[in-house]
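Step one of this worksheet: look at the structure below.
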Amino acid sequence: MRLARYAAAVLAGAALLLGLSITPAGTTTAGAEAAPPRPQARSALTWNLCGTAEHCPGRTDPALKAAAAAGQALTDPDLAYIMLQEVCAVSHVAPLRKRLGTDWGVYFRPARDVRTGEFIRCGIPNGPGSVQPELAGTAVAVKKSGPGGRVRVAGMEFDPPDPGSPATQGAACLVDDTSRTLACSAHFVHSGVDPDGSLRTWYARQLGERIDAAVARGYRVVVGADLNTTSADGYAAGLHAGAVAADAGAAPTYGPAYPFEAATLAIDYLYFDTAGWSPGPATVSDVVWSDHRMLRGSAVPR
């Protein structure tokens, strides 16, 4: 013990002679801001649960669809980000929030018709006795980083290609302030509305710009989306500037009909920004409650 004290005193004296300062391990110098903790390897899940259209399997059992998504988090402690598309505000989001519990933040963004600006609604009544169908849209859920973790809503709205058109498109986003991570869920229009792909190209470019802007501010970004386009179309090329698709090489996610042996289209995507993450492989899993497969990917923070 005396020898250790003597060595420390000698070291301190030498440091003073050299004009240096010594800070004991585990302490922070006055005025220095502690760096945000780096999250461990995390996995993300994106799934179009097909909860709004009449042809959707299990449409009359919305709680089971929510349970299928929430159940992934209960069995996988590394799952921290869940992105869902074609969800109903009450029938799916409410049971999802209840099943995930207080350790998660959940946010729903209502969808609007790109042509009229009107809200899109589910074919499910908005609660007992209601004649107004509930809102349809996208949802995102983020697991809080520890007991003191803070998750908040981050608005993300896109400009329309025509200044005279209604602003309808965007993404449901949450920010985990503790790990400085932005997680978003997006759903682009289909070819019936956008036959030449111009709308999907326009909005993909804006989503890519938002990813880049968040990265420039020091955030890690993960995006799960049904882009209604394949990589061969090239419509989503604007997303690849600052992000990499974790699902490259994964099996197709859409059939359009169940069983999934007939699936031929990879239109669901997981993106991790390349500055903040080192993405790993992605996998798909069949779920009888949707005409889309679940797509899951993992990444390690840089």
TODO: Give the number of residues within the stretch 103-118 that are surrounded by 15 or more Cβ atoms within 10 Å (Cβ to Cβ) and either farther than 22 Å from Leu182 by Cβ or of a type in the set (D, E, K, R) (or both).
DONE: 3
TODO: Please specify each residue of the stretch 211-242 satisfying the condition of being among the charged types (D, E, K, R) and within 20 Å of Arg302 (Cα to Cα).
DONE: Asp212, Arg217, Arg220
TODO: Can you run down the residue pairs with Cβ atoms below 9 Å, 6 or more apart or on separate chains, where the first is in the stretch 131-153 and closer than 15 Å to Gly224 by Cα and the partner is assigned to a loop (DSSP other than H, G, I, E, B) and hydrophobic (A, V, I, L, M, F, W, C)?
DONE: Gly137/Ala89; Gly137/Ala111; Gly137/Ile120; Thr138/Ala111; Ala139/Ala89
Task: For Val140: the one exception among (1) in contact with a strand residue (DSSP E or B) (Cβ under 7 Å, 6 or more places away or on another chain); (2) surrounded by fewer than 21 Cβ atoms within 10 Å (Cβ to Cβ) - done: (2)
Task: Looking only at the stretch 275-290, and only at residues there that are outside any strand (DSSP E or B) and modelled with pLDDT of 85 or more, the one that is farthest from Ala41 (Cα to Cα) - done: Ser290
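The values are calculated or read from the model by the stated rules, or taken from the named source; none is laboratory data. Only a predicted model underlies this, so the values are computations on that prediction, with no experimental measurement involved. As a convention, Cβ positions derive from the backbone with ideal geometry for all residues, glycine included, and neighbour counts pool all protein chains shown.
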